[in-house]
1. Would you mind calculating the gained length between residue 48 and residue 142 on full extension (0.36 nm times residue separation, minus the Cα-Cα distance), in nm to one decimal?
2. Would you mind classifying region 290-372 by shape? Square roots of the alpha carbon gyration tensor eigenvalues, ordered a ≥ b ≥ c; an a/c under 1.5 is rounded, otherwise it is prolate if a/b is larger than b/c and oblate if not.
3. Looking at region 58-119, which GluC sites (Glu not before Pro) are DSSP coil and have at most 11 other C-beta atoms within 10 Å of their C-beta?
4. Take each uninterrupted DSSP H stretch in the chain, measure its Cα extent along the helix axis, and return the ones at 18 Å or beyond whose mean Kyte-Doolittle hydropathy is at least -0.5.
5. At 222 nm, what helix-only mean residue ellipticity would the chain give, in deg cm²/dmol to the nearest 500, using -39500 (n - 2.57) for each DSSP H run of four or more?
6. About its Cα centre, what dipole magnitude does the chain give when the only charges are +1 on Lys and Arg Cβ and -1 on Asp and Glu Cβ, stated in debye to the nearest 20?
7. For region 101-259, count the residues as N, evaluate 2.2 N^0.38 Å, and divide the Cα radius of gyration by that value, please.
8. If we count every other residue with Cβ under 15 angstrom of residue 76's Cβ, Lys/Arg +1 and Asp/Glu -1, where does the sum land?
Amino acid sequence: MTSNERIIGRENVNDIEQILMITNTDVDAAIHTVKDNADAIFTWDYEKGSRPALNKLYEKAKNSQWNGETDLDWSIDVDQEAVVAANAAANGRGAEMNLAGTFFEKWGDKEWNELGVQSQNWMLSQFMHGEQGALLCTAKIVETVPWIDAKYYASTQVMDEARHVEVFAKYLNEKLSGHYPVNAHLKMLLDDIVLDSRWDMTYLGMQIMVEGLALAAFGFMHQMTTEPLLKQLLRYVMSDEARHVAFGVLSLKEYYQELTQAELRERQEFAFEAAVRMRDRFLQQEVWDRMGVPVKEAVTVIMQDPGQQLFQQMLFAKIVPNCRKLGLLDAGDGWLREKFTELGVIDFEHMPDTEEEYDTFALAEGEVASAR
Ligand SMILES: [Fe+2]
Ligand SMILES: [Fe+2]
């Protein structure tokens, strides 16, 4: 068996048939149960600040908590179709896509607008589900990480994630026009992260990979949207996410020093698996399905579109430099560097990593009423 088959269940990362075979089968279930397989660890070493960088992050987090109910202006009226049209006018839409010979050729404004609306419902739904993943994972870290400074910090992140789930759910309910169940690839990844018994794997899967991607994706959407409430919401969430990713980088940087080459290889493989799952999810197969168009044809067009390829690569703008910072790109025989090269994202390796970047994302004095 090749390493691709073993890690992601298929030989060719771009095999569309295989990607689409993964679907969410329990879309009507109200809950989903996953074994978290981990030891809860008490520490009797209460020395606060023995890890100064984590302590600084914790102090910062205590003073940075905004309140979604009172700090966001929910009275803003959102006309979703008008927003989709305004976003398309501001940013262009599929202009360079090669649609010849596909069903897209017959599309007019009505279909493109509907796609914009469904994509937004889908995207925000997946953000909400991902935020719940972060809530659960970080609660797990509170239990499993052996360091008091990390337990303290993680507890503030749990509160951050609760607020993130809350604001995305509220935005979906009050301002958009429909929900989507969790995407199958995202769900698979979240399950794998929770299932893993090793405490540092929660960090790698969540803080480095999922949140690294979220930070890039939120940044992109924040820049692109013309809707002021969503813009503000994303601004607040990003100020927290940058800390969360820093938490992952700071913690793993220390812990990876102790690991053997073989153990680091397992981390490289997990990072690759996560990268592929997240890339697959952005093909938004559920949207095509709901719109009643041929899913495979739509996904094929999307995967070959230069604009989409650029967007998918951009999602890795934070992940790759952070993996580099952690030594994961080049550990052993440089296996992860090779894999990120295959995925076409290695060029981001020298972008700023997120260990210190959270300061530049921080909310300014007076930018939000309730954060002091
Ligand atoms: Fe979050
Ligand atoms: Fe987060």
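1. Length gained, residue 48 through residue 142: 32.3 nm.
2. Note, shape of region 290-372 comes out oblate.
3. 96
4. Helix filter hits for the chain: 109-144, 211-224, 228-256.
5. -19500 deg cm²/dmol
6. 240
7. Rg over 2.2 N^0.38 Å, computed on Cα atoms: 1.16.
8. Counting the neighbours of residue 76, the net charge comes to -3.
None of the figures in this text is laboratory data; all of them are computed from the coordinates on show. Note that the structure is a prediction, hence the values are computed from the model and not measured. Note: ideal-geometry Cβ built from the backbone for every residue, glycine included; neighbour counts use all protein chains shown.
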